Amino acid sequence: DAMVIQNPRYQVTQFGKPVTLSCSQTLNHNVMYWYQQKSSQAPKLLFHYYDKDFNNEADTPDNFQSRRPNTSFCFLDIRSPGLGDAAMYLCATSRVGHSYNEQFFGPGTRLTVL
Amino acid sequence: TQLLEQSPQFLSIQEGENLTVYCNSSSVFSSLQWYRQEPGEGPVLLVTVVTGGEVKKLKRLTFQFGDARKDSSLHITAAQPGDTGLYLCAGATDSSYKLIFGSGTRLLVRP
């Protein structure tokens, strides 16, 4: 089945220790998104890629970076995690120009910062 | 700035009761999506409504898009514990491929 996969599902890191979260998709969608979600709040968009074009949200801290080496994979790098970065990180995909911009989410990675 | 106001924020009901969740905006959306998110998982797309006045049914869930495409509602009939989760509405516009999310409704259905 076509899907969005996130690894790992749970990640524990130490304060200030860099961490990378990964996302892959078999949907062949051209847009990939990274969201941060805290305690039953709505997901907050960090950035997205439209093909290879990177689009950062204005309020996304510089501490967060992303890479998309190919259509299928996208990575979220947190350079120096702080306690406030503990959250669920969600990856989503959509196919622009098709199906009303429906976004399909992965299962998420729960990040704990010690 | 486009906003989607979702209400109520939290709902705790007994199994078998009915409920309605509302999603309101002053902006027009080209489509509106409803997601359900279970604890520890990502949001799962339930339905997309596109046409003003459109009604879609998914078993015990009924979704309606307002005539002016500014608001939407989700009605659940005879709620079950398996309906427990965070319900999110999200609006899309033709000018962007980003979604505008509502603040979410956390539903707890007690056995």
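The values are calculated or read from the model by the stated rules, or taken from the named source; none is laboratory data. The model shown is predicted, which means the values in this text are computed figures rather than measured ones. All Cβ positions, glycine included, derive from the backbone under ideal geometry; neighbour counts span all protein chains shown. Side chains included, ligands, DNA and RNA excluded: accessible areas come from the protein's heavy atoms. Shrake-Rupley method; radii C 1.70, N 1.55, O 1.52, S 1.80 Å.
Of the conditions (1) in contact with an Asp or Glu (Cβ under 9 Å, 6 or more places away or on another chain); (2) over 21 Å from B:Tyr97 (Cβ atoms), B:Glu17 fails just one. Which one is it?
Exception for B:Glu17: condition (1).
For the range A:37-67, enumerate the residues that are open to solvent by 70 Å² or more (accessible area, probe 1.4 Å), within 16 Å of A:Val96 (Cβ to Cβ) and of a type in the set (A, V, I, L, M, F, W, C).
Hit for the range A:37-67 is A:Phe54, nothing else.
Looking at the range A:69-96, which of the residues that are assigned to a loop (DSSP other than H, G, I, E, B) and within 14 Å of A:Met32 (Cα to Cα) is nearest to the other protein chains (Cβ to nearest Cβ)?
Out of the qualifying residues, it is A:Val96.
For the range A:74-114, how many residues meet the condition of being under 13 Å from the mean Cα position of the chain (by Cα) and either exposed (fewer than 15 other Cβ atoms within 10 Å of the Cβ) or aliphatic (A, V, I, L, M) (or both)?
8
Here are some residues: A:Asn28, A:Asn56, A:Asn63. Which one is within 20 Å of A:Val4 (Cα to Cα) and more than 10 Å from the chain's Cα centre (by Cα)?
A:Asn28
May I ask you to verify whether B:Ser31 is more than 30 Å from A:Pro8 (Cβ to Cβ), under 13 Å from the mean Cα position of the chain (by Cα) and within 14 Å of chain A (Cβ to nearest Cβ)? Reasoning before the result, please.
On the way: more than 30 Å from A:Pro8 (Cβ to Cβ): yes; under 13 Å from the mean Cα position of the chain (by Cα): yes; within 14 Å of chain A (Cβ to nearest Cβ): yes.
Yes, satisfied.
Name the strands (runs of 3 or more DSSP E) wholly inside the range B:1-45 in which the number of residues that are loosely packed, with under 14 Cβ neighbours inside 10 Å is 3 or more.
Strands (runs of 3 or more DSSP E) meeting the threshold: B:10-14.
Could you count how many residues in the range B:66-111 are among the aliphatic types (A, V, I, L, M), open to solvent by less than 50 Å² (accessible area, probe 1.4 Å), outside any strand (DSSP E or B) and over 18 Å from A:Cys91 (Cα atoms)?
Matching residues across the range B:66-111 total 2.
Under 9 Å between Cβ atoms, at least 6 apart or on separate chains: pull out the pairs that start in the range B:39-66 with a residue that is more than 9 Å from chain A (Cβ to nearest Cβ) and among the acidic types (Asp, Glu) and end on any residue that is assigned to a strand (DSSP E or B) and open to solvent by less than 70 Å² (accessible area, probe 1.4 Å).
B:Glu54/B:Phe63; B:Glu54/B:Phe65
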